[in-house]
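Here the structure comes first, spelled out in structure tokens, and everything after it is commentary.
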Amino acid sequence: WELRACPPDRDCGGMAGALCRDGEYCSYALSAMCGAADQTGVCRARPASCGEDDTPVCGCDDVTYANACEAALEGVAVGREGACPPTEAAVGEPCGTRGALPCAEGLFCNFPSGADCGRADAPGTCAERPTECESRARRVCGCDGTTYTNACSANLAGVSVESTRACRTR
């Protein structure tokens, strides 16, 4: 029987993109910002199971995990403590202007009249896309420069209305 020292930690991540072995994950210090600016992490063994800790963390994959152990179990390092911030706006939230999040799947950015489709730096509001429209024709010009049969048809395509007449050809 021989006593040996544990093998030294292996660096991972960074610009070189050094990978860990199967059953390991690249663990970064919180200050390393998930390997940004060539910060490296250290290969750690994935845990076999986790306890009932309910302290949410945001993984380096921008997914919220119940705790740091659950992230490690999935092979993901902790990017920050607490839940991840949203990446998409919900119904009623601002959109279409500087600093605003894009609308979530199934929504579109509905600009009020005078917002010039966001070019006036006036925000729109995320709204549900309709699922069906009447066929009554009241041509409108969408913010994408396409003429639609009516406002509902534009919204169904995920586009807000720029004007209540057909688009001018450019």
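Under the convention that each Lys and Arg Cβ holds +1 and each Asp and Glu Cβ holds -1, the size of the dipole of the chain around its Cα centre is about 1080 debye. Within region 100-169, the GluC sites (Glu not before Pro) that combine a DSSP coil assignment with at most 15 other C-beta atoms in a 10 angstrom radius are E105, E132, E134. Contact order for the chain, expressed relative to its length and based on alpha carbon pairs under 8 Å spaced 6+ residues apart, stands at 13 percent. Taking a point 7 Å out from the Cα of A100 in the direction of its Cβ, the residues of region 137-154 whose backbone N falls within less than 19 Å of it are 141-146, 152, 154. Working from label points 7 Å from Cα in the Cα-to-Cβ sense, the D9 to C167 distance is 5.5 nm. A cut-off under 15 angstrom between Cβ atoms defines the neighbours of E128, and their net charge, with Lys, Arg +1 and Asp, Glu -1, is -3. Residues in region 41-49 carry Karplus couplings, in order, of x, 10, 5, 10, 6, 6, x, 7, 7 Hz; the curve used is 6.51 cos²θ - 1.76 cosθ + 1.60 with θ = phi - 60°, and Gly or Pro positions show x. Are there trypsin sites (Lys or Arg not before Pro) in region 43-98 that DSSP marks as loop and that have at most 15 other Cβ atoms within 10 Å, and which are they? Passing sites in region 43-98 are R98. Less than 5 angstrom separates the built amide H of C12 from those of G41, V42, C43, all sequence-distant by 5 or more or on a different chain. If you take every DSSP beta bridge fully contained in the chain, what fraction is antiparallel? Give it as a percent rounded to 5. Here the antiparallel bridges make up roughly 95 percent for the chain. Per-residue Cβ neighbour counts within 10 Å put S163, S27, S135 in the sequence S135, S163, S27, beginning with the fewest. In order along region 79-93, phi translates into HN-Hα couplings of x, 6, 6, x, 5, 5, x, x, 10, 9, 8, 9, 3, x, 8 Hz, rounded to whole numbers, per the Karplus curve 6.51 cos²θ - 1.76 cosθ + 1.60 with θ = phi - 60° and x for Gly and Pro. Looking at region 46-90, the GluC sites (Glu not before Pro) that sit in a DSSP loop and have at most 13 other Cβ atoms within 10 Å of their own Cβ are E52, E74, E88. Coupling constants for region 141-153 follow from the phi torsions by the Karplus curve (6.51 cos²θ - 1.76 cosθ + 1.60, θ = phi - 60°), and in residue order they are 9, x, 4, 8, x, 9, 7, 10, 4, 7, 4, 4, 4 Hz; glycine and proline get x.
Every number here is computed from the coordinates shown, using simple stated rules; none is lab data. Being a predicted model, the structure only gives us computed values, none of them experimental. Heads up, the Cβs are rebuilt from the backbone with ideal geometry, glycines too, and the neighbour counts pull from every protein chain shown.
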